[in-house]
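Every read-out reported here was derived from the displayed coordinates using simple, explicitly stated rules and does not represent laboratory data. It should be emphasised that the depicted structure is a prediction, and the values quoted were computed from it without experimental measurement. A quick note on method: Cβ atoms are made from the backbone with ideal geometry, for glycine too, and the neighbour counts reach across all protein chains shown.
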Amino acid sequence: MPSRVLDRKRPWQIATGGGFVWASGEAPLGTDWEALLAPLTTVPRENGSQELLETARWLEQHLRAAGWEVTQHWYTAYPYEQRILGLLLLAGGLFYAMCIWRRRFGTAALVAIFLPLIVIAQVDLRIPLTWFAPFPQPNVVARWPNPDAREVLVFSAHFDTKTDLFDHVTRAPILVFSVPAAFLMFAVAAGSYVAQQAGNLSVGRLALARILGWVGAAYSVLLAAAFSGGMLLGRRSPGALDDGAACATLLRLAYQLREEPPKNVEVNLVFFSGEEVAAQGSAALLRRWKPDEQGRTVKVINLDPWGASAALRVLGSERGFLRGNTPSPEVVALLDEAHRQIGAGPIETVPLVGLTDAWMWLQHGYPAATVFSSMPPFILPRSLHSGDDHRMRVDRPSLDFSVKFLDTVVRVLDRDAMAVPDEAPLAPRSSRVRAPQEIPQATREPGQGRSTVFSEFAQGALAQPGSPSGPAGARESLG
């Protein structure tokens, strides 16, 4: 349904009857979590939708209000790629079983090769399966220009959403076993073909091949449900934890950095669309855009998912089906130091595999890492990509903690850049030892909010007195 603004005098208002939750822009958002979260945690923002475009405009509007230089980078997205991929896997699996049943083992072996190839083509090689259904949509990039900066720090998150039949925890074993399942399907078909050509295809071998053929078909049904099952659900995900809360956090950080901008670091905030369709948005942006043209060092911190708790973790691996990357040690060390500085102890890197926008940053050679908000016992929060990922699951005090954490990351890097002479290369972070008192405290007092999961270490960190950020020297607007 087309979005609409109900009352331009209010920061935000909920439209009933399928309308859009919106912020008018005439009242400054500032640090009001409810106003920041409303458009980003209540309404689905699926790729190819009007709501996604409205959200991009809303982000641009309020980043400009915070004084940032903002650009929308448009690209051609293919919103239905993974839905069509699931249907192709289903059709291929059923055709494979039929070939096995009819003793067309050679054809079945070719199908077993073809099925993983279409996944690789779509995810890793980015060959569009739905070239006939393109949709232009933007990424949003905000810069606080600093020509004197020695380093560039990029924070990224995604504002698009997706609804699936299974959440990440349920879907993980289905995807993990897809590779051995493909090998097994090929081995059964190829082995049966060789036996058939040799004239020794026994009754027992034929029965086993047919059983495994139908097992392969059943597995293709599971894959189709994982990739395409969300089409059948009427209740769509509003993407609160994945990844609306992260976008709201970056907006609040934008207002906070405006009050006390770093002197030696240029900060970029990147809001991606297309993440939920195999990171199409970040892939398109990084083909044409660079966060720095002056040869400065760039570091990237990606937030996804966010807001479930103050227990932050680093994702241990980013990969598609062919290529994978581990997080940058330099970025992880920066995160770890900032985490310790606010009294939260070392930040843990967990042995999980994901496909987030950090994968694209790493593929293009940028030092990057994904930080996420964990939720025991499955580490990742449950019910992502579902209608249950709604705004009531966002832990507001944890957001206050996360803003303090990200602000401290900026201050740590700002101090490091200031301490290094122009002609001297920056030593590896892991080789340098720093005293905790050297880092400024948070520039804002934590806000009030409802706490659902808020760890003791985070409460202790927020309880520390912060130094207020005065308006002296603050820049109100740019370009």
Between MET418 and ARG323, what length comes free when the chain is fully extended (0.36 nm per residue of separation minus the Cα-Cα distance, one decimal in nm)? 30.6 nm
I need ILE127, ILE118 ordered by Cβ neighbour count within 10 Å, fewest first. ILE127, ILE118
Set of the stretch 306-327 residues, backbone N closer than 13 Å to the point 7 Å along the Cα-Cβ line of VAL350: 306-317
Separation of the ARG126 and SER202 label points, Cα + 7 Å toward Cβ, nm: 5.2 nm
Taking the Cβ of GLU81 as the centre, find all other residues whose Cβ is under 11 Å away and add up their charges (Lys, Arg: +1; Asp, Glu: -1). +1
Efficiency of FRET from Cβ geometry, ARG64 and VAL194, R₀ 51 Å, rounded to 0.05: 0.15
Simple spin-label estimate for LEU184 and ARG288 in nanometres, 7 Å along Cα-Cβ: 4.5 nm
Net charge within 13 Å of ALA368 by Cβ-Cβ distance, Lys/Arg positive one each and Asp/Glu negative one each, not counting ALA368 itself? -3
Charge context of LEU223, other residues only, Cβ under 13 angstrom, K/R +1, D/E -1: +1
How much length is gained on full extension from TRP74 to ILE211, taking 0.36 nm per residue of separation minus their Cα-Cα distance? 44.4 nm
What number do you get for the stretch 266-425 when its Cα radius of gyration is normalised by 2.2 N^0.38 Å, N = residues? 1.06
Using 7 Å Cα-to-Cβ label points, what is the VAL221/ILE118 separation (nm, one decimal)? 1.9 nm
Least to most buried among HIS168, HIS73 (fewest other Cβ within 10 Å first): HIS73, HIS168
Starting with the fewest neighbours, write out SER398, SER374, SER309 ranked by other beta-carbon atoms found within 10 Å of each beta-carbon. SER374, SER309, SER398
Classify the stretch 256-320: rounded, prolate or oblate, from the alpha-carbon gyration tensor (a ≥ b ≥ c, eigenvalue square roots; a/c under 1.5 rounded; otherwise prolate if a/b is larger than b/c)? oblate
Given the candidates ALA218, PRO238, LEU175, the one whose Cα lies deepest towards the positive end of the charge dipole of the stretch 112-266, counting +1 at each Lys or Arg C-beta and -1 at each Asp or Glu C-beta, is ALA218
Computed from the beta carbon distance with a Förster radius of 22 Å, FRET efficiency for TRP101 and PHE177 to the nearest 0.05 stands at 0.45
